[in-house]
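Asks: Below you will find the structure I want to go over with you.
The values are calculated or read from the model by the stated rules, or taken from the named source; none is laboratory data. Please read these numbers as outputs of a predicted model, since none were measured by experiment. Positions of Cβ are backbone-derived with ideal geometry, glycine not excepted, and every protein chain shown enters the neighbour counts. In case anyone asks, the SASA skips ligands and DNA or RNA and just uses the protein heavy atoms, side chains included. Shrake-Rupley method; radii C 1.70, N 1.55, O 1.52, S 1.80 Å.
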Amino acid sequence: MALTCISSDLRGKIKSSKVLVVGAGGIGCELLKNLVFTGFEDIEVIDLDTIDVSNLNRQFLFQRQHVGRPKAKVAEESCLKFNPNVKIKSHCANIMNKDYGISYFSQFNLVLNALDNRAARAHVNRMCLGANVPLIDSGTSGYKGQVELIYRGLTLCYECTPKEAPKTFPACTIRTTPTEHIHCIIWSKYLFTSLFGGVSEDEEDVATVSAENGGDGDGSGDKSNAEEKLAEGENLVWDKDDEPAMNFVAATANIRAHVYGIPLKSKFEIKGEFESDPFLGRFNKYVLRFQFFDFFLQKDFPFFHRLTFSNVSAMAGNIIPAIATSNACIAGLIVLFALKVLDGKLEQCKTVYLQQELNSRGALITPETVFTPRNPNCFVCSSQSINLVTDISKLTIRDLEKSVLKGRLSMVEPEVMLDQRIIISSEEGETDGISNQSLQDVGVISGSLLKVEDFVQNYEIKIVIVHK
Amino acid sequence: MVETSTQLTADEEKLYDRQIRLWGIESQKRLRTARLLLIGLSGLGAEVAKNIVLSGIKSITFLDDKPYTKELAFSQFLIPLEKIGENRAEASVERAQILNPLVEVSAETHKIAELTEDYFTSARWDVVIAIGQEEPQVKRLDAICRRNGLKFFAGEVSGMFGYFFTDLNTHSYTKTIKNRLKKDEVVEETVKSEMKFPSFESAVNQEFEKGSRKLRNLDPSYFALKILFKFREEKSRNPVSLEEDWDALDLLRNRILAKYDQPKERVPDEFLEALVGPEMGPVCAIVGSILSQELIKAISCQDEPHKNTFFFNPLNNKGTVVNLGTVADQ
């Protein structure tokens, strides 16, 4: 008995292909099941998250007794029950870790993204372009979803089109003049960290935080057991899945909202804000010190062009959680894409969208009719320089590294050269001595050209500094 | 469907947290009163079972008289591989139950053709889903459901092709419409609405005016389904391989397309090839997911249903909905 709707040649290719699944969350679980049943026998899966109760309504490879365990490992175990003859290797790790370099990616015939956070998707995009491995990227949001082939030289890359950026708000609005409920939520988050948190927000690594929210943006682990007492000198760390912490933030946000005459929100909705935007309240430092996004208001920088001030300060978007059906549909389409790539039928892999409503021609799952031309100004798949508009007397080297290079440009280990001098090194500690200095202090002037390289991503870009 | 005022437990709120935020607590309450009968535990049946059990309905009964055979090993993930020869409904219960312990999952093994109307009118179910059944059987089941006020779905996957049909008879639901007042100001409003559905019999007997726009715009999937139904009527089985069945399929294609005055290229060879053989897992996932979401909408009486036949075209990955048949007395 064979899968006779496809050629025996293709069946052979399926059997001998090695595929990487990035993410074992909502889409990942469905995808792994489909791969195993379609005849893929050599699969690796990577995810750093652990299983939470709220995953169980759609991440069907996991059950109650698995809560708290690593997603990748449990997904592997569940798939082996479907077919014990399949080779599945699981990694409980961050795909942005430098252990997974270009040579790691090169060993696969196909890479399948089942992620939902921008930073990790952008990273895998660069790795696959660098390793010249076809990437099938995917995403879902509520009733909608999309599948996209990223194939070097043929299609758009993940970063050719603008992606929604994390939202941030002027500090004065948060502090003294809240007008939206979201402002109160962010204020309450400050309050929580000021009262109970010892670790400074500044120390959090933004890139890591974002990657931890992979696979549907769920939190890590079940933290519902909050009965234990903290030892002397210990502090609480903010975690949206920690029930008492969430209760505190929800209650104080609503009190503040009430005081300012803003309609209240349920705890559900408030928690949703943190889930729909993993960065919410994380950019505090930059928001407080200066208008972080100001320096991206540069016209020839398409990626950030949309971030005008009014957009930046707009309310966080609607809460759009993931559901089982959309994930299942998208995961099915990913495998059909995979088969067509293996079969050399790239022209049948035009980006497909799952819609909530029928379009005027009655289509619910709609493929694009042509490949969108690549963006010649893309800062990843074409060699472009970007302008960074900032106050060089205020922006520190550390800010440049953490918020600009790692935060906004999704780099992992950036190395920055000013003329022949390294001002940010990928070697740990090498440039720590100057990290608190401003760009001006290290000799950057308006018009300076920074050469930025990330060896992990095999990616390089030039940044022109424009003083404002 | 009965509405309930009972509150969700804290346990349910945690488990269904994400979906409640998408479709609201009222929909979730309606879901958990719904009792479903799922006929045909094929690969597509397993996908529907998974999605709908995860969503948190009250109960689901699997009904199937066929044994688990090897061709299901490409899609039926609810049955362990070693259970060859066991009844498909019974063999699916254990894994389906593990997906969500809050849902009652059970199995029955009656011969579908021998079931009398009493079986369906026993007030045990609100919705009937018939997967992979013969055309006359689907007609009969739909007619019974219409007479007895049960919501009805039918569908199947063959190779890489799939479809499903929806008959909600007269369906009342709420939907949200957006009124754009100014450029940046959109006001949402929830309104009540009603939709009448044609029977399956009316849908399959749909006629098209020669050269009409509707005929021209039909996805090739429509003709593929006609070919598949006819093939099964003649051979009492689905096409299994190109060597064995190509000639029969080719002949049926010519006959059916001629009837509609359509050129042979309307259903290319590649499409015909995609019809052959066991259900493909990823296609079951796609068709099953759309069917399940329509089920959830129907049960929760929320959002406009996609009336009334969904086709998945595996050549271009397109999923379309065509309104087939006419509503009587209108």
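Asks: Local charge sum around residue B:111 (other residues, Cβ-Cβ under 11 Å, Lys/Arg +1, Asp/Glu -1)?
Replies: Numbers: positive: B:66; negative: B:64, B:65, B:108, B:114.
Neighbourhood net charge equals -3.
Asks: What is the sum of charges, Lys and Arg at +1 and Asp and Glu at -1, for the other residues whose Cβ falls under 11 Å from the Cβ of residue B:290? The partial results should precede the final answer.
Replies: Values: positive: B:297; negative: B:47, B:294.
Charge balance near residue B:290 sits at -1.
Asks: Specify, per residue and in Å³, the volume enclosed by the convex hull of the alpha carbon atoms belonging to the stretch A:1-149.
Replies: 124 Å³
Asks: Counting only other chains, and only Cβ atoms inside 10 Å, what mean value do you get across the residues of B:70-78?
Replies: Values: counts 2, 4, 2, 6, 7, 5, 1, 10, 0.
Partner-chain Cβ atoms within 10 Å, mean over residues of B:70-78: 4.
Asks: Given a Förster distance of 60 Å, report the FRET efficiency between residue B:261 and residue B:98 from their Cβ-Cβ distance, rounded to the nearest 0.05. Don't jump to the answer; show the numbers that get you there.
Replies: Numbers: r = 52 Å, r/R0 = 0.87.
Step by step, r from the Cβ atoms, then E = 0.70.
Asks: Can you compute the FRET efficiency between residue A:343 and residue A:161 using 1/(1 + (r/R0)^6), with r the Cβ-Cβ distance and R0 = 30 Å? Round to the nearest 0.05. Working shown, then result.
Replies: Details: r = 27 Å, r/R0 = 0.90.
Calculated value: 0.65.
Asks: Hey, which of these cross-link pairs are over 27 Å Cα-Cα: B:58/B:111; B:29/B:175; B:111/B:230; A:144/B:210? Mind showing how you got there, number by number?
Replies: On the way: B:58/B:111 25 Å; B:29/B:175 17 Å; B:111/B:230 22 Å; A:144/B:210 36 Å.
Too far apart for the 27 Å limit: A:144/B:210.
Asks: Would you kindly derive the ³J(HN,Hα) couplings of the stretch A:181-191 from the backbone phi angles with the Karplus curve 6.51 cos²θ - 1.76 cosθ + 1.60 (θ = phi - 60°), listing them in order in whole Hz, with x for Gly and Pro?
Replies: Each residue's phi maps through the Karplus curve to give 4, 4, 4, 6, 5, 5, 4, 5, 5, 4, 4 Hz.
Asks: Right, something else. Would you check the accessible area of residue A:467, probe 1.4 Å, heavy atoms only, in square angstrom rounded to 10?
Replies: 80 Å²
Asks: In whole Å, how far is the Cα centre of the stretch A:95-138 from that of the stretch B:71-88?
Replies: First find each Cα centre; the distance between them is then 34 Å.
Asks: Run the 1.4 Å probe and let me know the accessible area of residue B:221, rounded to the nearest 10 Å².
Replies: 0 Å²
Asks: Over its Cα atoms, what ratio of radius of gyration to 2.2 N^0.38 Å does chain B give?
Replies: In units of the globular-protein estimate, chain B measures up at 1.02.
Asks: Give, in nm to one decimal, the length gained when the segment between residue B:148 and residue B:83 is fully stretched (0.36 nm per residue of separation minus the Cα-Cα distance).
Replies: Working: separation 65, 0.36 × 65 = 23.40 nm, distance 3.60 nm.
Taking residue B:148 through residue B:83 to full extension adds about 19.8 nm, to one decimal.
Asks: If you take the accessible area of A alone plus B alone and subtract the pair, what total do you get in square angstrom, rounded to 100, with a 1.4 Å probe? Before the final figure, lay out each step's value.
Replies: Details: alone 21010 and 15950 Å², together 31790 Å².
About 5200 Å² of accessible surface is lost on pairing.
Asks: Only Lys, Arg, Asp and Glu count, each charged at its Cβ (+1, +1, -1, -1), so figure out the dipole size of chain B about its Cα centre, rounded to 20 debye. All intermediate terms of the calculation are to be shown ahead of the outcome.
Replies: Details: 45 positive and 51 negative charges, 198 e Å.
Using Cβ point charges on Lys, Arg, Asp and Glu, chain B gives about 940 debye.
Asks: Same structure, new question: Testing the spin-label approximation: label points 7 Å from Cα along Cα→Cβ at residue A:175 and residue A:264. State their distance in nm.
Replies: If labels sit at residue A:175 and residue A:264, their model points lie 2.9 nm apart.
Asks: Please work out how much accessible surface residue A:236 shows to a 1.4 Å probe, ignoring ligands, DNA and RNA, in Å² rounded to 10.
Replies: 60 Å²
Asks: Under 10 Å, Cα contacts only: if you run a Gaussian network model on chain B, which one of B:178, B:14, B:264 comes out with the highest mean-square fluctuation?
Replies: Fluctuation is largest for B:178.
Asks: Report, largest value first, the span of the C-alpha coordinates of the stretch A:386-467 along each principal axis, in whole Å.
Replies: 30, 27, 24
Asks: A further question on this structure: Starting from the 7 Å offset along Cα-to-Cβ, what nm value, one decimal, do you get for the label separation of residue A:357 and residue A:98?
Replies: So the label points at residue A:357 and residue A:98 sit 5.0 nm apart.
Asks: Calculate for the protein assembly as shown the 222 nm mean residue ellipticity that helices alone would give, adding -39,500 (n - 2.57) per DSSP H run of length 4 or more and normalising by residue count, nearest 500 deg cm²/dmol. Numbers along the way, then the final one.
Replies: Working: 27 runs with 278 residues, N = 798.
Rounded to the nearest 500, it is -10500 deg cm²/dmol.
Asks: Let me ask another. Over 16 Å apart: what share of the alpha carbon pairs of the stretch A:24-75 falls there, rounded to a whole percent? Don't skip to the answer; put the middle values down first.
Replies: Working: 458 of 1326 pairs.
The share of Cα pairs beyond 16 Å in the stretch A:24-75 comes to 35 percent.
Asks: For residue A:183, what charge total do you get from the other residues with a beta carbon under 10 Å from its beta carbon, if Lys and Arg give +1 and Asp and Glu give -1? Intermediate results must be reported in sequence, preceding the final value.
Replies: Working: positive: A:175, A:256; negative: A:180.
That sum, taken over residues with Cβ under 10 Å, equals +1.
Asks: Using a 1.4 angstrom probe with every protein chain in place, what is the largest-first accessible-area order of B:176, B:69, A:396? Walk me through the intermediate numbers first.
Replies: Numbers: B:176 75, B:69 50, A:396 25 Å².
My answer, sorted largest first, is B:176, B:69, A:396.
Asks: Quick one: which bits of the stretch B:1-50 get at least 30 Å² less accessible when the partner protein chains are in, versus the chain alone, with a 1.4 Å probe?
Replies: Flagged in the stretch B:1-50: B:11, B:14, B:15, B:17, B:18, B:19, B:21, B:22, B:50.
Asks: What ranking of B:269, B:261 comes out by heavy-atom accessible area, probe 1.4 Å, highest first? Numbers along the way, then the final one.
Replies: Values: B:269 75, B:261 105 Å².
Sorted descending by solvent-accessible area, the residues read B:261, B:269.
Asks: Let me ask you something else. Accessible area, 1.4 Å probe, largest first: how do B:13, B:94, B:209 sort?
Replies: Working: B:13 70, B:94 120, B:209 145 Å².
Of B:13, B:94, B:209, the descending order of accessible area is B:209, B:94, B:13.
Asks: Work out how far the C-alpha atoms of the protein assembly as shown reach from end to end along every principal axis, then list the three figures in whole Å, largest first.
Replies: Computed over the protein assembly as shown, the largest-to-smallest principal extents equal 85, 56, 53 Å.
Asks: Sticking with this structure for a sec: Figure the gain on full extension for residue A:144 and residue A:85 (residue separation times 0.36 nm, minus the Cα-Cα span) and round it to one decimal in nm.
Replies: Values: separation 59, 0.36 × 59 = 21.24 nm, distance 3.43 nm.
Between residue A:144 and residue A:85, full extension yields an extra 17.8 nm.
Asks: Among A:356-365, B:53-62, how do they line up from the highest to the lowest mean number of other beta-carbon atoms within 10 Å?
Replies: Values: A:356-365: 15.0, B:53-62: 23.4.
Going by the mean number of other Cβ atoms within 10 Å, highest first, we get B:53-62, A:356-365.
Asks: Compute, for the stretch A:386-467, the length of the dipole vector about the Cα centre, with Cβ point charges of +1 (Lys, Arg) and -1 (Asp, Glu) only. Units Debye, rounded to 20. Each step should come with its number before you reach the end.
Replies: Numbers: 8 positive and 14 negative charges, 78 e Å.
Its charge dipole is roughly 380 debye.
Asks: Then there is this: Pop the C-beta distance of residue B:327 and residue A:9 into the FRET formula with R0 = 41 Å and round what comes out to the nearest 0.05.
Replies: On the way: r = 48 Å, r/R0 = 1.16.
Computed FRET efficiency for residue B:327 and residue A:9: 0.30.
Asks: Okay, next question. Using a 7 Å offset from the Cα along the Cα-to-Cβ direction at both residue B:235 and residue B:186, what is the distance between the two label points in nm, to one decimal?
Replies: For the pair residue B:235/residue B:186, the computed spacing is 4.9 nm.
Asks: Using a 1.4 Å probe on the protein chains only, how many percent of the accessible area of chain B belongs to carbon and sulfur? Let's see the in-between values first.
Replies: Working: 6380 of 13370 Å².
Percent of accessible area from carbon and sulfur atoms in chain B: 48.
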